[in-house]
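Asker: This is the structure I have questions about; it appears just below.
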2 protein chains.
Amino acid sequence: MSIGESVKRVDAYEKVTGRAKYTDDLCPRNALIAKVLHSTIANGWVKKLEIDEALKVKGVVKIVTCFDVPNYPFPTAGHPWSTDPKHQDVADRLLLNQRVRYYGDDIAAVIAEDEVAATKALSLIEVTYEELPPILDPKEVLASDTQPLHTAYPNNILAHTNYEVGNYKEAAKDTDLIWFEDEYATQIVQHCHIEPPVSFAYEENHRITVVSSTQIPHIMRRVISQALGIPFGKIRVIKPYIGGGFGNKQDVLYEPLNAFLCTQVGGKCVKLEISREETFHCTRTRHSISFKVKSGVRKDGRIVCRSMEAISNQGAYASHGHAIVANAVTGFRHIYQAEKAVKADAYTVFTNLPAGGAMRGYGIPQLAFASEAQMDDIAYKLNLDPIEIRKQNMMKLGYKDPFLGITCHSSGLEECIEKGRHYIDWDNKLKAYQNQTGPIRRGVGMAIFSYKTGVYPISLETASCRMILNQDGSIQIQLGATEIGQGADTVFSQMAADTIGLTLDRINIVSQQDTDITPFDTGAYASRQTYVSGMAVKETATLFKEKVIAYASYFLKLPSSNLDIKHNAIVHRTTNEVLIGMDALALEAFYSLDYCQHITAEKTIQCKNNTLSFGACFVEIEVDMPLAKIKVLDIINVHDSGVLINPQLAAAQVHGGMSMGLGYGLSEQLLFDAKGKPLNPNLLDYKLPTSMDTPDLMTDFVETVDPSGPYGNKSLGEPPAIPVAPALRNALLHATGVAVNDIPLNPHILFEKFRAHGLI
Amino acid sequence: MSIGESVKRVDAYEKVTGRAKYTDDLCPRNALIAKVLHSTIANGWVKKLEIDEALKVKGVVKIVTCFDVPNYPFPTAGHPWSTDPKHQDVADRLLLNQRVRYYGDDIAAVIAEDEVAATKALSLIEVTYEELPPILDPKEVLASDTQPLHTAYPNNILAHTNYEVGNYKEAAKDTDLIWFEDEYATQIVQHCHIEPPVSFAYEENHRITVVSSTQIPHIMRRVISQALGIPFGKIRVIKPYIGGGFGNKQDVLYEPLNAFLCTQVGGKCVKLEISREETFHCTRTRHSISFKVKSGVRKDGRIVCRSMEAISNQGAYASHGHAIVANAVTGFRHIYQAEKAVKADAYTVFTNLPAGGAMRGYGIPQLAFASEAQMDDIAYKLNLDPIEIRKQNMMKLGYKDPFLGITCHSSGLEECIEKGRHYIDWDNKLKAYQNQTGPIRRGVGMAIFSYKTGVYPISLETASCRMILNQDGSIQIQLGATEIGQGADTVFSQMAADTIGLTLDRINIVSQQDTDITPFDTGAYASRQTYVSGMAVKETATLFKEKVIAYASYFLKLPSSNLDIKHNAIVHRTTNEVLIGMDALALEAFYSLDYCQHITAEKTIQCKNNTLSFGACFVEIEVDMPLAKIKVLDIINVHDSGVLINPQLAAAQVHGGMSMGLGYGLSEQLLFDAKGKPLNPNLLDYKLPTSMDTPDLMTDFVETVDPSGPYGNKSLGEPPAIPVAPALRNALLHATGVAVNDIPLNPHILFEKFRAHGLI
């Protein structure tokens, strides 16, 4: 068995030796270089672009401006297409925009023979703007009339939705209730994947090929087709290894522009690489969401009714639209079950800031900060153990969402909490750290979460897989599902090996996706791949095995029902006697003069199910009061993501997520001045934690067997990033008695809070 | 309908604009460069290689010699593998050889950072040989004891086979017979494809990828695996566009060495490009075959019995082995049916010359020269019309080969002859040019041929195809069959379009083969692809159509039996009413929330049939007697290759073959000195005809409908090269009365002949 083993990553050798090929490694030597001119105002119009001087720069081939692009508005969100227009993403941008909506909007592009010429030409383009006052605060939009950013949204509200479970008004009449009403806010952060967005495009046989660092090659094909107004089939997208995405590359960013630029130079290869600085504010960010949370609680901690108002700052373009804050308020009703009623309102509001998009957790890191913070505020005030109040209210096995039908098929949440509690020595430290004084104080904090697996029933969930037998009995597997650093190639290989009866060394996975030849899959997002695409692997492997056994049955003259595949050989199903090796059988299948078959298998699955994974984070911190600085002494994430296909890779995922959570909780924030200009769009001023800032990251798992997962597994990719920030915030409350309701918990904010509380 | 239309090549735009990517275009910038050191003796042993000075050259990374390579003998012929050892190709060479067998044998390789360093290092390697006398003449081998080149063949005869149909001895007793006994000989020529052999190899995830200009990617995978002693599945071969092959790239040439060199530098990318000069004598050549042909003929021209002895000069290594001369003597019994008996002996003999391999026609150009020359010799002596004697004896519809069972399912041979006769004004000129004198004389000549289609039943014939639906209703098709310039991609696309019911613009063919992902096919050789691989296209398209109709049936709620696909739409089978476009249906299939299917189809076919195609060449020449020079005034090839999928591409194939035939007949010859050293291995001294040497090439077709061909089609790729040389030779006989039995008919040879006949 390979599943459950911590086998080495199938791409480990390539990546460690630096030999793995990423997009830029594959770009032809003679590619032209494109660079984008960005708007230097946050709101207004480009009235004129003077390019004559720029065109004189030696090596400049062409300059394309916002006055030259086709009028095909297109969306950028990496969602499956829908044949129902009401479920299609908002198509609100052109390749280059005369109407600029944020500082950094794309207004022109230079194509040159090299980067120096392109950069020089950019600096020589003169832009005349008509400037409008920038709108930066969603609350201002909700409170007053603002000039619309998009004509289709006259009051700058992209969407407002609400729900109510039970009868909130009735429930709130209970006079025994103690009420908690608080506001929480999260900041704008950026994904900071190692490899910035990069692509190159060229024409071949009157079709456009785009090689890109993306999580979603098949979706990208569709979006480029929309943006250029040409059929899907005329676009080919190739995805090599990628240096991280975290959701930013679940948007289709600059590839449509890249494809268009290629058509403007007769189909020659054009490369468009986005710099780190551009990536910060010209791609996507995690939405800043502000929450009002109100809970009516009995004094024993039981929540009776609860409400939330969430306002999401969308920035200038819709991207994933309302989906992210909608996911946040859905998560609000999931993790804790109010006894009587829960309701929520969610707003997504356009502002003149960079567009928010998908980022690891899809609204749930924001939700968890607000919801988990208030749980500790309640516990603190009612003098309850934060663990006990959670256990009393949290989701139980069998829970079924009243709107979506999503069901809790398995839950190890209680065990996760117990493991964390034990590891951090919770009970002792909770007491020991009470009522501290002095400049250095310690605290423990924790937070929990639940997370869906894939996007059903909100969107389509489908995947296909193909397997190809080689002459030595080894196989190739091909999926549209993408390796984005998370180890997908490795776990898919393990799944295939086990299901067929081969050892892992007989599995070759084709890592690169190519929409011309790769089976369709919507891609890497929503922690869906091991669950949804894993089903395709399982069903394809089962079909493949049947086909191999059918050939063995012909060759061995034995009924299929007597045959099985084990350890790279056809064996007798009951006696396990080895009848013929897969290698010898494969040679026969390829070269038989009598009956020749090139055995392959392919299968589409459609997943009409979902399940919930869980976890908890426990931290111990030390607070330097005069410096207003938090030091993390110890941290552990404990996850229930069902059966682990590869425990070591699972732990690695958790490590990465925890690191993101630490940055989110303590230091990261993309800042803007009053005109919407980004203040720190670079890795020096944007405080991404380095290895020096990061404590040892401890991980543990509770392995449930989820009955809906193809191998008992469920989501893991995004969850680790969710509970860290609220656990830190709750530890700070424990250490100091100060409830900080905004992140990041950096010295700047802490200093103000401590001063306000008279602590310094 | 697209079949039968001269649609534009699908790769025309790419190739005309120079944008199509060939192997070298894809090679990574930082690839190391390898160069091969070749033996400068034709027979003997390498005793010592001194590489110290060479290693000192700046940029040299590694030098590998014949003392360093693994001891896995491997074959190079592009034949399908056989699980029966008796049908496997001769494995008679190592990657580098201490035992050198021809001038140019591979004895060492330098790997360097650039070509200059590699070349410099080559020149500094000192080799000490133990030299043996070279064996160059096969007749010498047959007549006396020679020292063996390969220990497995002590008398240097690779194979001797014979057959007899009827009772030759009995038949020869007929006293009415007039006997003709002549010797004919053909020269060594080289393919002279535009793109010399080139490949690059790199390791990826402990597997070796080789990108190569080859006709046979899937076979190459197997041969590299044999040569390196590692499993098939650890090798991946990618074939981009290639600049011609003509059979030379049906051998696996330097790719195994390239793959091995890559393993010697830790898996780094290594490029190995063979120069034009090396290509001439270090790759493959067309065998020189000498024939003795004896015919017993009645005075009306009817052949009663006939025998042939064919001796093939194999050169130093087996390559395709005995298969080529065996094919020649098989062709001997095919084209003309002796009334009573036919027999043949065929020898393949090792000598110290470059190895002969496959080249357009696979033994039949040589056979046709001998056989068609003698037909004219007989006609000349019996004063018969060369056309009439052929008609009397040639293969008729329904002929079935007594050994192979190959059957003449269709024949337009007689019509081909009539078309040629009419075009060249045969009857008038045959009379007009008799009994000429003076320095300038004219003549007409003709020759005919038959040619098999694929290799069944001698070898396995199998092919697979895959089709993939796109969201806009267009499709991709993928085959292991290779585009090598002949237009395969275009005709496969036409077949798919017609069979499914799509217009050609909806078909995208994946031109590049990649053994990891491309359906298996043995490759481009034996004029097999439209016939064998075409069957796979047809069956896959039929299956694909069934799957699309099944989905349409679900979606439209109509039985499949009511539905058809016509002109990119699902139509009612009887009324032809358009029910839904393929584009709309495809969108549904991809994105249905109810029933989602990513429609693809894949099918293996095994071809257990063969058929014969035919043709004739007619020429009119002018002979300048004092200059001993032939000028071609007019030439036409008329072919029966069944239904033409694309008449214009078919004509282009014929043009190319005729050009090769003209060079073969008039000027090309690779020459060697007495020690086996090539004298003219370059395009200056080897007289390949240029466009200036080439008259207008006329083509015509007789379209039979072959019942065994998937679309009524049969072989065309190789045949055009066959009949030109004998037609020229026969025209020379007609013009001058001189029977020249050796080619090329260059001034050097003609001068001697004319002098011997007292004509100059």
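The values are calculated or read from the model by the stated rules, or taken from the named source; none is laboratory data. The structure presented is a predicted model; accordingly, all values stated were derived computationally and were not measured. We place every Cβ from the backbone using ideal geometry, glycine too, and count neighbours over all the protein chains shown. Protein only, heavy atoms only, side chains kept; ligands, DNA and RNA dropped before computing areas. Shrake-Rupley method; radii C 1.70, N 1.55, O 1.52, S 1.80 Å.
Asker: Could you tell me which residue of the stretch B:114-135 is most open to solvent (accessible area, probe 1.4 Å), considering only residues that are assigned to a loop (DSSP other than H, G, I, E, B) and over 30 Å from B:T186 (Cβ atoms)?
Answerer: Out of the qualifying residues, it is B:D114.
Asker: Just checking: which of the strands (runs of 3 or more DSSP E) contained wholly in the stretch A:399-495 hold 1 or more residues that are open to solvent by less than 10 Å² (accessible area, probe 1.4 Å), at pLDDT 95 or above and not assigned by TED's automatic domain parsing to the domain that holds A:L732?
Answerer: Strands (runs of 3 or more DSSP E) meeting the threshold: A:462-469, A:475-479.
Asker: Related question: Checking the structure you have, find out if any residue of the stretch A:746-755 is of a type outside the set (S, T, N, Q) and assigned to a loop (DSSP other than H, G, I, E, B).
Answerer: Within the stretch A:746-755, the first condition is being of a type outside the set (S, T, N, Q), and the residues that meet it are A:747-755.
This time we only want the ones that are assigned to a loop (DSSP other than H, G, I, E, B), so: none.
Checked the stretch A:746-755: no residue is of a type outside the set (S, T, N, Q) and assigned to a loop (DSSP other than H, G, I, E, B).
Asker: When the residues of the stretch A:240-276 are narrowed to those that are within 13 Å of chain B (Cβ to nearest Cβ) and among the small types (G, A, S), which ends up surrounded by the most Cβ atoms within 10 Å (Cβ to Cβ)?
Answerer: A:G267
Asker: Moving on to the next point. Looking at the stretch B:181-227, which of its residues are open to solvent by 10 Å² or more (accessible area, probe 1.4 Å) and of a type in the set (F, W, Y)?
Answerer: B:Y202
Asker: Here's a follow-up. With respect to B:I63, determine if the residue is in a strand (DSSP E or B), surrounded by 20 or more Cβ atoms within 10 Å (Cβ to Cβ) and not hydroxyl-bearing (S, T, Y).
Answerer: Values: in a strand (DSSP E or B): yes; surrounded by 20 or more Cβ atoms within 10 Å (Cβ to Cβ): yes; not hydroxyl-bearing (S, T, Y): yes.
Yes.
Asker: Next question, about the same structure. In this structure, is A:N576 more than 14 Å from chain B (Cβ to nearest Cβ) and in a loop (DSSP other than H, G, I, E, B)? Please lay out each step first, then the result.
Answerer: Details: more than 14 Å from chain B (Cβ to nearest Cβ): yes; in a loop (DSSP other than H, G, I, E, B): yes.
Yes; evaluated as a whole, the condition is true for this residue.
Asker: Now, a different point. Hey, any hits in the stretch B:451-470 for a residue that's away from chain A (no Cβ under 12 Å) and of a type in the set (F, W, Y)?
Answerer: For the stretch B:451-470, residues away from chain A (no Cβ under 12 Å) and of a type in the set (F, W, Y): present.
Asker: Still on this structure: Assuming B:S592 fulfils every condition listed in (1) surrounded by 22 or more Cβ atoms within 10 Å (Cβ to Cβ); (2) within 14 Å of chain A (Cβ to nearest Cβ); (3) among the hydroxyl-bearing types (S, T, Y) apart from one, which condition is it?
Answerer: Here B:S592 meets the rest and fails (1).
Asker: Tell me yes or no: at least one residue of the stretch B:555-566 is away from chain A (no Cβ under 11 Å), out of contact with any strand residue (DSSP E or B) (no Cβ under 9 Å at 6 or more places or on another chain), surrounded by fewer than 17 Cβ atoms within 10 Å (Cβ to Cβ) and hydroxyl-bearing (S, T, Y).
Answerer: yes
Asker: Additional query: Only one of B:I33, B:I51 is more than 14 Å from every other protein chain (Cβ to nearest Cβ), open to solvent by less than 40 Å² (accessible area, probe 1.4 Å) and closer than 30 Å to A:A201 by Cα; which? Quick ask: steps written out before the conclusion?
Answerer: Values: B:I51 fails: closer than 30 Å to A:A201 by Cα.
Answer to the check: B:I33.
Asker: Here is a follow-up. Any idea which of B:V578, B:V510 is farther than 30 Å from B:G485 by Cα and either open to solvent by 20 Å² or more (accessible area, probe 1.4 Å) or under 31 Å from the mean Cα position of the chain (by Cα) (or both)?
Answerer: B:V578
Asker: Looking at the stretch B:537-548 only, could you name the residues that are open to solvent by less than 10 Å² (accessible area, probe 1.4 Å) and touching a Pro at 6+ places or on another chain (Cβ under 8 Å)?
Answerer: B:V537
Asker: Considering only residues of the stretch B:598-640 that are of a type in the set (S, T, Y) and touching a Lys or Arg at 6+ places or on another chain (Cβ under 7 Å), which is nearest to the other protein chains (Cβ to nearest Cβ)?
Answerer: If we take residues in the stretch B:598-640 being of a type in the set (S, T, Y) and touching a Lys or Arg at 6+ places or on another chain (Cβ under 7 Å), then B:T600 is nearest to the other protein chains (Cβ to nearest Cβ).
Asker: Can you tell me which residue within the stretch B:503-531, out of those that are of a type in the set (A, V, I, L, M, F, W, C) and within 11 Å of another protein chain (Cβ to nearest Cβ), is farthest from A:F520 (Cα to Cα)?
Answerer: So, considering only residues that are of a type in the set (A, V, I, L, M, F, W, C) and within 11 Å of another protein chain (Cβ to nearest Cβ), the one farthest from A:F520 (Cα to Cα) is B:F520.
Asker: Given the conditions (1) closer than 30 Å to B:Q471 by Cα; (2) surrounded by 18 or more Cβ atoms within 10 Å (Cβ to Cβ); (3) out of contact with any helix residue (DSSP H, G or I) (no Cβ under 8 Å at 6 or more places or on another chain); (4) within 14 Å of chain B (Cβ to nearest Cβ), report the number of the one that A:R93 does not fulfil.
Answerer: It is condition (4) that A:R93 fails.
Asker: If you don't mind, another one. Taking the criterion of being in a loop (DSSP other than H, G, I, E, B), among the aliphatic types (A, V, I, L, M) and at pLDDT 95 or above, would at least one residue in the stretch B:74-82 satisfy it?
Answerer: For the stretch B:74-82, residues in a loop (DSSP other than H, G, I, E, B), among the aliphatic types (A, V, I, L, M) and at pLDDT 95 or above: absent.
Asker: From the list A:L587, A:L543, A:L612, which one is over 41 Å from the mean Cα position of the chain (by Cα) and over 30 Å from A:I749 (Cα atoms)?
Answerer: Of A:L587, A:L543, A:L612, the one residue that is over 41 Å from the mean Cα position of the chain (by Cα) and over 30 Å from A:I749 (Cα atoms) is A:L587.
Asker: Select, from B:V237, B:V198, the only residue that is more than 14 Å from every other protein chain (Cβ to nearest Cβ) and farther than 29 Å from B:L136 by Cβ.
Answerer: Residue meeting the stated conditions: B:V198.
Asker: Answer with yes or no whether B:Y153 is in contact (Cβ under 8 Å) with a residue 12 or more places away in the chain, out of contact with any helix residue (DSSP H, G or I) (no Cβ under 8 Å at 6 or more places or on another chain) and over 20 Å from B:T283 (Cα atoms).
Answerer: Spelling it out, B:Y153 is indeed in contact (Cβ under 8 Å) with a residue 12 or more places away in the chain, out of contact with any helix residue (DSSP H, G or I) (no Cβ under 8 Å at 6 or more places or on another chain) and over 20 Å from B:T283 (Cα atoms).
Asker: Moving to a separate point now. Assess whether B:G534 counts as being more than 9 Å from chain A (Cβ to nearest Cβ), open to solvent by less than 10 Å² (accessible area, probe 1.4 Å) and not β-branched (V, I, T).
Answerer: Yes.
Asker: Across the stretch B:244-258, what is the number of residues that are closer than 16 Å to B:E195 by Cβ and of a type in the set (A, V, I, L, M, F, W, C)?
Answerer: Residues flagged as closer than 16 Å to B:E195 by Cβ and of a type in the set (A, V, I, L, M, F, W, C) within the stretch B:244-258 amount to 2.
Asker: Now, a different point. Taking the stretch A:210-232, which residues are without any contact (Cβ under 8 Å) to a residue 24 or more places away in the chain and in a helix (DSSP H, G or I)?
Answerer: Once the filter is applied, which keeps residues that are without any contact (Cβ under 8 Å) to a residue 24 or more places away in the chain and in a helix (DSSP H, G or I), the stretch A:210-232 yields A:S225, A:F232.
Rundown of residues vs (1) crowded, with 22+ Cβ neighbours inside 10 Å; (2) at the interface with another protein chain (Cβ under 9 Å from one of its Cβ atoms), yes/no style:
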position: A:V16; (1), (2): no, no
position: A:A20; (1), (2): no, yes
position: A:D25; (1), (2): no, yes
position: A:N43; (1), (2): yes, no
